[in-house]
Amino acid sequence: MANHRTAALIVAAGQGIRAGSERPKQFAMLAGKPMLVHSYTALRDHPAIETVLVAIGDGQQADLHAALGDVRFVLGGATRRDSVRNGIDALIAQGFDQVLVHDAARPFLPSRVIDALVAALGDYPGAVPALPIADTLARAGALLGDTVSRDGLWRIQTPQAFRLPELMAAHRAWPADAEATDDAQMLRAIGHGVCIVEGDRMLEKITHPADFAAAEAAHGTALISRSASGYDVHRLEAGEELWLGGVLIPHDKGLSGHSDADVGLHAITDALLGTIAAGDIGMHFPPSDPQWKGADSAQFLQHAAGLVSAQGGIIDFVDLTLICEAPKIGPHRDGIRARIGELLHLPVTCVSVKATTTERLGFTGRGEGIAAMATATVRLPGVT
């Protein structure tokens, strides 16, 4: 086995509609992390796996980067079979000759299952983890019908392991107008034997909202709530663009600063950094560094959110107050909430934007600048 190059391919291109989430389920939070992170980490850290490739849907690049950072991926296709084919094409081109194909919807992956699958490829061109059926099976319509024997029936799981040349041959031979239940059946269709290794109940597939709740109860760690605040001020000057909460607002003046001077996003960034005691925005993006001159403040906010996620944190709610005499924030409130929600992968119901004045007192009252205050609430595992 030492002469083989083994890769893992995680199929994560679906939309997860049945999971009831506003975002694809593979990127939804589960046990303190985006669901995809659990299986990716298990495969990446296994000594038999040289690389992990993720097949995602077009348009999911930002979600993947937010969950895992800069990792290898390919764009999937219209069906699961198309996504796997795109992945194995890439792996063969890179010189790999064995692959474990895994569904992102099975996040909890025991190392012993990977061990057994890789070992089985020494004797078979394919191997799958499976569990015997334990429940009574019966035919049914409106009423219960006859029972069906459980003898010889198994529940097939993933990852499924294959020698890549045989798997590629199976994909090439499969009819273009037919969908396959899994890659193991495709391998069988061209006459190859597929070995069964012992599966694991941890590999249960997550499909419906109730599955998320059960998995959270089984695998989630105790999450403790933290809140922190942020504050920022910038001067109003003629000739500058006015960015507030990630939205360009028409006005005769704009905010002046080293970046785009978006006080709203800066305040939320500081609030998020505060929840994990990670300092302030100036520590991460020094105004003395020329690379941040004119920078889009959205990247500052997403950086802070990524640090929270890296610690297993879940952002629950952000509240932003903008303090100015002009412009009027009301007409732009919904757009600002939507943009912040987009950047933080939060539903708009978890983003609050308010505005107030200082009754013409102070620098904001004189129209010299705009201030912003923000509060962020997150949940973090294993902190006191």
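Here are the numbers for the structure shown:
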| quantity | calculated |
| --- | --- |
| Residue ID - modelled with the highest pLDDT, chosen from residues in the stretch 182-211 that are closer than 20 Å to GLN26 by Cα and of a type in the set (Val, Ile, Thr) | ILE206 |
| Strands (runs of 3 or more DSSP E) contained entirely in the stretch 1-90, each with at least 2 residues that are out of contact with any Ser or Thr (no Cβ under 7 Å at 6 or more places or on another chain) and within 23 Å of GLY312 (Cα to Cα) | 51-56 |
| Check on THR269, within 25 Å of the chain's Cα centre (by Cα), buried (at least 17 other Cβ atoms within 10 Å of the Cβ) and either closer than 20 Å to PHE363 by Cα or modelled with pLDDT of 95 or more (or both) | yes |
| Filter result for PHE108 (surrounded by fewer than 21 Cβ atoms within 10 Å (Cβ to Cβ), in the same structural domain as ALA178 (by TED's automatic domain parsing), at pLDDT below 95 and not basic (Lys, Arg)) | yes |
| Complete set of residues in the stretch 38-75 that are small (Gly, Ala, Ser) and within 12 Å of ALA8 (Cβ to Cβ) | SER39, ALA42, ALA48, ALA55 |
| Top-ranked residue in the stretch 94-116 [being among the hydrophobic types (A, V, I, L, M, F, W, C) and assigned to a loop (DSSP other than H, G, I, E, B); ranked as farthest from LYS25 (Cα to Cα)] | PHE96 |
| Condition broken by ALA277, with the remaining ones in (1) under 14 Å from LEU236 (Cα atoms); (2) modelled with pLDDT of 90 or more satisfied | (1) |
| Only one of ALA130, ALA138 that is crowded, with 16+ Cβ neighbours inside 10 Å and assigned to a strand (DSSP E or B) | ALA130 |
| Some residue of the stretch 241-259 being surrounded by fewer than 20 Cβ atoms within 10 Å (Cβ to Cβ) and aromatic (Phe, Trp, Tyr) | no |
| Options ALA267, ALA215: the member that is assigned to a helix (DSSP H, G or I), outside the structural domain of THR377 (by TED's automatic domain parsing) and of a type in the set (A, V, I, L, M, F, W, C) | ALA215 |
| Output for the stretch 91-105, where each listed residue is buried (at least 17 other Cβ atoms within 10 Å of the Cβ) and among the small types (Gly, Ala, Ser) | ALA104, ALA105 |
| Any chance LEU273 is among the aliphatic types (A, V, I, L, M) and either free of Cβ contacts under 8 Å to residues at least 12 places away in the same chain or not assigned by TED's automatic domain parsing to the domain that holds ASP316 (or both) | no |
| Among the residues listed as LEU117, LEU121, the single one being crowded, with 21+ Cβ neighbours inside 10 Å and either under 26 Å from the mean Cα position of the chain (by Cα) or farther than 20 Å from ALA55 by Cβ (or both) | LEU121 |
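Matching residues to (1) free of Cβ contacts under 8 Å to residues at least 40 places away in the same chain; (2) of a type outside the set (D, E, K, R):
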residue: ALA305; (1), (2): no, yes
residue: ASP316; (1), (2): no, no
residue: GLU325; (1), (2): no, no
residue: PRO347; (1), (2): no, yes
residue: CYS350; (1), (2): yes, yes
residue: THR364; (1), (2): no, yes
residue: ALA376; (1), (2): no, yes
residue: LEU380; (1), (2): no, yes
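The values are calculated or read from the model by the stated rules, or taken from the named source; none is laboratory data. Quantities reported herein were computed from a predicted structural model and do not represent experimental measurements. Because the Cβ atoms are built from the backbone with ideal geometry, glycine has one as well, and the counts that use them run over all protein chains shown.
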